[in-house]
Amino acid sequence: MEIWVYNQYTDQRDRVQADGGEINIGREDNNDVVLRSQFVSRHHARIVREGKSFFIESLGLNGTIVANDLVPAHQKRKLGFGDEIRIGEFVLYMMEPAARRIGTGERAESPRKRVIDLEQRMHAELLGLLNLRVTGQRSGADEQHVKLIKRHLAEIIEKHRGQIDAEMTEYLVGEYLWRCVVTELARRATGKLVYSYGFEDTDVVSPRHEDAVNRMVGDVISAFPLRLRPHTVKDDVAAVEKHWDEQLESLKNRISPELRDYIVRRMVSKEIEDVVLGYGPLQDLLEMPNVNEIMVVGKDRIYVEKDGVVQDTGRSFFTDEIVQSVIERIITPIGRRIDRSTPLVDARLPDGSRVNAIINPLSLSGPVLTIRKFARVPFTIDDLIEQGTMTENVANFLRACVVGRKNLMMSGGTSSGKTTTLNVLANFIPPEERIITIEESAELQLPQEHLVRLETRPANIEGRGAYSIRELVRNALRMRPDRIIVGEVRGPEALDMLQAMNTGHDGSLSTIHANNPVDTLMRIETMVLMAVEMPVRAIREQIVAALDLTVQIARFAGGQRRVTHVSEITGIDPDTGRAMTEDIFAMRSADERGRGEGNIRHTGYIPTFADELVGKGLLDVEVFT
């Protein structure tokens, strides 16, 4: 056999003859396949034959990835001819000697990669027929324009249909059916698709073939005991995905050659249409309910976070220009821009999902896009309890604090669930109160009717017209607010937020990046000093007077998000002069994945305002048991 090696950094290609029963891969010269790189262990992996099957064993701590799955150290995974192996910057393929070469190079190409290359050529032809240079430079997505695109695209696919071999066909059929299953699960659970670009129904379809596909999708879904509710759809998708390979094998027997050809055309057409009209290879990822975050690094690397684990999707954009055009497609509707003079932007999708993009000259890895998806249906307090984020006692206590107009600060690290928790707690604000939310990118989804949503605005191309969170907080004070909610405090606006809390705007809520309750207060001190020079003692007195509680949230290694501390700000320490906190609830023991006997519990401390909440009938003392 041969091991085909491709260096992604240098574009160097090599073939290594390996006819033995064991093939060693690593950095040192005594390996059969030598990969000279600091990212490769001395003895990184080995391929062994057991009976008629081959297995790859990961030996080094740096990790070995096979078909986008990580093989942990000292574990094995079955390996087939042509499977993609990633070690450091190298891509390897175990090939039979008679394996055919693709194109003029010596590197083996996976079916997925060959499909992407073919679709890229088709897309280039389509742009030529439409007289466009880049996808985003279209005249407008009106119905006539879309019909023209689809007519040209159908002709191009017919022209290139003979270049789609059996392996590519199998890949396209599997991908199409899986995406149909996920889309149908999402539609049944939530009743709609969030990221539709509006022209999917104009596709030229065969009712007979569509019925056949729909029956297969329905049979797959009915084979599992699914709940199909908005907040269970992630679990439903995971349940089907776990047994998808077996389901796909059973479906293949029901696919006639004619139906297979139809599915291939539909899939190729859809992927190119997504590039022209939607968000390209991100289109389906945005619809997938079990994908929490999407991370694009240049045109060739698209990662997702699923169940707390980051995975390489294997998808890619055709060019960096298309990545940038998709970024522009996201940010233009909300009045943002990105170019060499403004290479960094924060934005949001229509459903509130958070978007960050950064391009050259700041990014040396090509355009980088990060999308943190929001739940299709906002979480409720019951969902957080069910997921183990907090206990029922903590939930009842925080509900009483919100209704009782206590000032709360949610703190935690990146992606710990601060905004989600803030959104859930803000739902407890009585409907008769006037709420003003202030955010850099509007994400909060509140049901109250008397709601005013404010969003910051960057400077225009002339450097004018910028409105910061601090200016919006100041303006909010003139808008007769009952509650002020600041999406995140990260700068001088901390001073204005404290002053608002100290001047009759009780019950305000916000979030902040901090590692623990003590760090939260220290960070607020630092932010206030960014706004004004004043004695630290005076700042601490303002903090103690303004804030009642901090709610600390942490994200564990397994992806579980939990409230770890609910603490009261109690006063100034006479010895150190620092603001003091007392934990009302705290998590004392949990493993690093957020599991075990780590439920948050009452510490024995009763907050100073407990009698007030009990007297108003908002709090039952049983929450402290």
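The values are calculated or read from the model by the stated rules, or taken from the named source; none is laboratory data. Remember, it's a predicted structure, so these values are computed and weren't measured experimentally. Note that we place each Cβ from the backbone using ideal geometry, even for glycine, and neighbour counts take in every protein chain shown. Just the protein is used for accessible areas: all its heavy atoms, side chains included, with ligands, DNA and RNA removed. Shrake-Rupley method; radii C 1.70, N 1.55, O 1.52, S 1.80 Å.
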Inset, instruction - Mind listing whichever residues of the range 289-300 are under 15 Å from residue 357 (Cα atoms), open to solvent by less than 10 Å² (accessible area, probe 1.4 Å), hydrophobic (A, V, I, L, M, F, W, C) and touching an Asp or Glu at 6+ places or on another chain (Cβ under 9 Å)? - result: 294
Legend entry - Pairs, first at positive phi in the range 76-96, second open to solvent by 20 Å² or more (accessible area, probe 1.4 Å) and not in a strand (DSSP E or B), C-beta under 6 Å, six or more apart: 88/39
Inset, instruction - Please determine, by comparing only the residues of the range 342-357 that are of a type in the set (Val, Ile, Thr) and surrounded by 18 or more Cβ atoms within 10 Å (Cβ to Cβ), which one is nearest to residue 190 (Cα to Cα). - result: 355
Inset, instruction - Answer yes or no as to whether residue 293 is at pLDDT 90 or above and of a type in the set (D, E, K, R). - result: yes
Legend entry - Inter-residue pairs, beta-carbon under 9 Å, first over 14 Å from residue 452 (Cα atoms) and touching a residue at least 60 places away in the same chain (Cβ under 8 Å) and in the range 421-435, second in a helix (DSSP H, G or I) and open to solvent by 50 Å² or more (accessible area, probe 1.4 Å), 6+ apart: 425/399
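For the condition open to solvent by 40 Å² or more (accessible area, probe 1.4 Å) and at pLDDT below 90, what is the one hit in 79, 61? Break it down into steps so the answer makes sense when it comes.
Values: 79 fails: open to solvent by 40 Å² or more (accessible area, probe 1.4 Å).
61 is the lone residue from the list that is open to solvent by 40 Å² or more (accessible area, probe 1.4 Å) and at pLDDT below 90.
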Inset, instruction - Return the pairs, sorted by first residue and then second, in which the second residue is aromatic (Phe, Trp, Tyr) and outside any loop (DSSP other than H, G, I, E, B), the first residue lies in the range 298-310 and is over 14 Å from residue 288 (Cα atoms), the beta carbons are less than 6 Å apart, and the residues are 6+ apart or on different chains. - result: 310/303
Inset, instruction - Only residues that are open to solvent by 40 Å² or more (accessible area, probe 1.4 Å), in contact with a helix residue (DSSP H, G or I) (Cβ under 9 Å, 6 or more places away or on another chain) and under 17 Å from residue 184 (Cβ atoms): list them for the range 229-246, please. - result: 229, 230, 241
Legend entry - Residue in the range 506-517 that is buried (at least 23 other Cβ atoms within 10 Å of the Cβ) and modelled with pLDDT under 90 present: no
Legend entry - Evaluation of residue 397 against (1) surrounded by fewer than 22 Cβ atoms within 10 Å (Cβ to Cβ); (2) not in a loop (DSSP other than H, G, I, E, B) (one fails), failing number: (1)
Legend entry - Matching entry among 528, 489, 473 (being part of a loop (DSSP other than H, G, I, E, B) and either buried (at least 20 other Cβ atoms within 10 Å of the Cβ) or in contact with a helix residue (DSSP H, G or I) (Cβ under 7 Å, 6 or more places away or on another chain) (or both)): 489
Inset, instruction - Being among the charged types (D, E, K, R) and over 23 Å from the mean Cα position of the chain (by Cα) is the filter; apply it to the range 420-450 and report the residue that is least open to solvent (accessible area, probe 1.4 Å). - result: 433
Inset, instruction - Write out, first by first residue and then by second, each pair whose Cβ atoms fall under 8 Å of each other, whose residues are 6+ apart or on separate chains, and whose first residue, in the range 276-292, is free of Cβ contacts under 8 Å to residues at least 12 places away in the same chain while the second is assigned to a helix (DSSP H, G or I) and open to solvent by 10 Å² or more (accessible area, probe 1.4 Å). - result: none
Inset, instruction - Pull up the range 40-58, narrow it to residues that are polar (S, T, N, Q) and outside any loop (DSSP other than H, G, I, E, B), then point me to the one that is modelled with the highest pLDDT. - result: 58
Legend entry - Every pair of residues 6+ apart whose Cβ atoms lie under 7 Å, when the first sits in the range 167-187 and is among the charged types (D, E, K, R) while the second is modelled with pLDDT of 90 or more: 175/267; 184/217; 184/221
Inset, instruction - Please enumerate the residues belonging to the range 431-444 that are modelled with pLDDT of 90 or more, in contact with a strand residue (DSSP E or B) (Cβ under 9 Å, 6 or more places away or on another chain) and part of a loop (DSSP other than H, G, I, E, B). - result: 433, 434
Legend entry - Search result, residues across the range 301-329 that are outside any strand (DSSP E or B), in contact with a strand residue (DSSP E or B) (Cβ under 6 Å, 6 or more places away or on another chain), open to solvent by 10 Å² or more (accessible area, probe 1.4 Å) and hydrophobic (A, V, I, L, M, F, W, C): none
Inset, instruction - Of all residues in the range 12-27, count the ones that are open to solvent by less than 80 Å² (accessible area, probe 1.4 Å), part of a loop (DSSP other than H, G, I, E, B) and more than 19 Å from residue 74 (Cα to Cα). - result: 2
Legend entry - residue 518 being of a type in the set (Val, Ile, Thr), under 18 Å from residue 422 (Cα atoms) and either in contact with a strand residue (DSSP E or B) (Cβ under 8 Å, 6 or more places away or on another chain) or free of Cβ contacts under 8 Å to residues at least 12 places away in the same chain (or both): no
Legend entry - Complete set of residues in the range 414-430 that are at pLDDT below 90 and not β-branched (Val, Ile, Thr): 415, 416, 417
Inset, instruction - Please specify each residue of the range 146-186 satisfying the condition of being over 17 Å from residue 271 (Cα atoms), open to solvent by 10 Å² or more (accessible area, probe 1.4 Å) and either among the small types (Gly, Ala, Ser) or out of contact with any helix residue (DSSP H, G or I) (no Cβ under 9 Å at 6 or more places or on another chain) (or both). - result: 162, 166
Legend entry - Subset tally (residues that are under 14 Å from residue 184 (Cα atoms), part of a helix (DSSP H, G or I) and either open to solvent by less than 50 Å² (accessible area, probe 1.4 Å) or charged (D, E, K, R) (or both)) for the range 209-228: 10
Inset, instruction - Name every residue in the range 340-372 that is of a type in the set (Asp, Glu) and in a strand (DSSP E or B), in order of residue number. - result: 346
Inset, instruction - Identify the residue in the range 364-385 that is touching a strand residue (DSSP E or B) at 6+ places or on another chain (Cβ under 9 Å) and surrounded by fewer than 17 Cβ atoms within 10 Å (Cβ to Cβ) and, among all such residues, is farthest from residue 396 (Cα to Cα). - result: 365
Inset, instruction - Kindly indicate the residue of the range 34-52 that is open to solvent by less than 30 Å² (accessible area, probe 1.4 Å) and within 15 Å of residue 80 (Cβ to Cβ) and also nearest to the chain's Cα centre (by Cα) among those meeting that condition. - result: 47
Inset, instruction - With respect to residue 454, determine if the residue is at pLDDT 90 or above and of a type in the set (A, V, I, L, M, F, W, C). - result: yes
Inset, instruction - Assess whether residue 559 counts as being on the phi > 0 side of the Ramachandran plot and within 27 Å of the chain's Cα centre (by Cα). - result: yes
